[in-house]
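All remarks here apply to the structure that follows.
The values are calculated or read from the model by the stated rules, or taken from the named source; none is laboratory data. Note that the coordinates shown come from a computational prediction; the quantities given were computed from them, not determined experimentally. Positions of Cβ are generated from backbone atoms using ideal geometry, with glycine treated the same way; all protein chains shown enter the neighbour counts.
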C-alpha cells in the first residue's frame with residue numbers, strides 16, 4: 001500500500017535538546033557577552049528575532065533562551081526545521097490542513113501563545129518568503145493549503161546559516177523580508193572566536209551526558225589543551241562529537257587524554273574517508289573548511305621530533321612542543337608561526353596564553 005504523504009515528512013514537535021537535558025547559554029567570552037546583551041533586549045518583546053551564524057553555533061539554545069525569558073514562556077516552544085524540505089511540505093507542516101481526515105495540525109497553531117522557531121529560512125522559496133512576510137506584517141491571513149483563516153499568535157524566532165546578503169543580491173531572497181528580519185538580529189560567533197567558553201561548554205556536556213546515562217565521567221584539566229587550537233568547522237556540535245567520542249573510547253572515568261593526541265581524531269578519520277570517495281567518484285576535493293589545522297597534524301614545513309611519550313599529563317607537553325617548534329622555525333615571529341601551524345593569529349595568541357608559553361623578544 002502506498003504511503004500517505006503525511007507519513008513521509010516530519011511533523012512539528014517540541015524537541016528535546018541533545019541528551020535530554022536543557023543547555024544553558026554560556027557567555028564567558030566577550031563575543032557571547034554581546035549575544036547575551038541582545039537576548040536581554042529582545043526577549044521581553046514580541047518583535048520577531050533573526051539568529052545568524054554558522055552550523056553548530058547554538059542557534060537552538062539561543063532560541064530557547066529567548067523563549068524562556070519571554071512573558072509567554074509557559075506557552076509551547078515549537079521548532080520547525082525548514083532546510084531540505086519541499087515547499088509544499090513546509091506549507092503543510094507550518095499551516096496544517098483541516099480538510100484531511102484526521103486533520104493535520106500546523107506548527108503555527110501548535111505554537112499559539114508561545115514561540116515558533118523556524119530554522120534555516122535562508123532555504124525558503126520566494127513563495128514561502130512572501131508567506132512569512134505576510135505573517136510578520138498582518139498576522140491574520142488566508143492559508144494557501146486549506147483556505148482557512150490563520151492567525152499567527154506565536155512569537156517568531158527565525159534562524160539562518162546561509163549568506164542572506166548574497167541571496168538578496170542574487171534575487172533569491174526578498175529584500176523586504178531581509179530588512180524586516182534584521183530589525184532584531186543576533187549574530188552568533190563561531191567557537192573559534194569564543195575560546196573562553198570552552199571549559200564551561202565541556203563541563204556542561206559532561207553534566208548533561210552523566211545525567212542521561214547515569215555515569216560520572218569527567219575530563220582532566222590538562223586534557224583540555226588541544227581543544228583551544230582546533231578550528232572546529234562544526235562549532236559546538238563538533239566539540240560535542242569530539243567529547244562523546246572520547247567518552248565512548250575512554251580507559252577510565254576521568255579522561256586524561258583526548259583521542260586526537262593519539263592520532264585518532266574522529267573528524268580527521270571521517271574526512272579522510274570522504275576525501276577518498278570524493279576523489280574516486282567525482283574528483284571533488286574536501287571543502288576548504290575541512291582542511292583546517294588539527295592537533296594531530298603538523299604543517300609539512302615544521303619538523304617535529306618524535307615525542308618520547310604522549311600519555312597522561314604529557315599530552316599538554318606535546319602540544320607545547322609543537323607550538324614552540326613552530327615559533328623557533330619562524331624566528332619567534334607569531335604571525336609566521338601561525339601560518340606554519342595553519343591557524344589564525346588569534347588562535348595562536350590564545351593557545352600561547354593557555355599553554356603558558358612566553359614569546360622570546362629580540
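Residue 65 passes every criterion in (1) out of contact with any helix residue (DSSP H, G or I) (no Cβ under 8 Å at 6 or more places or on another chain); (2) touching a residue at least 12 places away in the same chain (Cβ under 8 Å) apart from (1).
The combined condition, being surrounded by 15 or more Cβ atoms within 10 Å (Cβ to Cβ) and in contact with a strand residue (DSSP E or B) (Cβ under 6 Å, 6 or more places away or on another chain), is fulfilled by residue 219.
The test for being in contact with a helix residue (DSSP H, G or I) (Cβ under 6 Å, 6 or more places away or on another chain) and more than 21 Å from residue 50 (Cβ to Cβ) holds for residue 106.
With respect to the conditions (1) modelled with pLDDT under 55; (2) farther than 23 Å from residue 206 by Cβ; (3) assigned to a loop (DSSP other than H, G, I, E, B), residue 44 falls short on a single one, namely (1).
In the range 22-41, of all residues being more than 16 Å from the chain's Cα centre (by Cα) and in a loop (DSSP other than H, G, I, E, B), the one that is surrounded by the most Cβ atoms within 10 Å (Cβ to Cβ) corresponds to 29.
Within the range 87-104, the set of residues being in contact (Cβ under 8 Å) with a residue 12 or more places away in the chain and not in a helix (DSSP H, G or I) comprises 96, 97, 98, 99, 100, 104. Residues in the range 117-143 that are touching a helix residue (DSSP H, G or I) at 6+ places or on another chain (Cβ under 6 Å), over 16 Å from residue 84 (Cα atoms) and surrounded by 18 or more Cβ atoms within 10 Å (Cβ to Cβ): 117, 136, 143.
Would you confirm, using the coordinates I've provided, whether residue 148 is in contact with a strand residue (DSSP E or B) (Cβ under 8 Å, 6 or more places away or on another chain), in the same structural domain as residue 103 (by TED's automatic domain parsing) and crowded, with 19+ Cβ neighbours inside 10 Å? Lay out the reasoning, then the answer.
Working: in contact with a strand residue (DSSP E or B) (Cβ under 8 Å, 6 or more places away or on another chain): yes; in the same structural domain as residue 103 (by TED's automatic domain parsing): yes; crowded, with 19+ Cβ neighbours inside 10 Å: no.
Considered against the rule, which asks whether it is in contact with a strand residue (DSSP E or B) (Cβ under 8 Å, 6 or more places away or on another chain), in the same structural domain as residue 103 (by TED's automatic domain parsing) and crowded, with 19+ Cβ neighbours inside 10 Å, residue 148 comes out as no.
When the helices (runs of 4 or more DSSP H) confined to the range 120-236 are screened for residues that are under 23 Å from the mean Cα position of the chain (by Cα), those reaching at least 3 such residues are found at 164-170, 198-213. Criterion first (in the same structural domain as residue 184 (by TED's automatic domain parsing) and modelled with pLDDT under 50) does residue 15 satisfy it? For residue 15, the condition - in the same structural domain as residue 184 (by TED's automatic domain parsing) and modelled with pLDDT under 50 - is met.
Table: residues versus (1) more than 17 Å from residue 59 (Cα to Cα); (2) at pLDDT 95 or above.
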| position | (1), (2) |
| --- | --- |
| 201 | no, yes |
| 206 | yes, yes |
| 251 | yes, no |
| 259 | yes, no |
| 262 | yes, no |
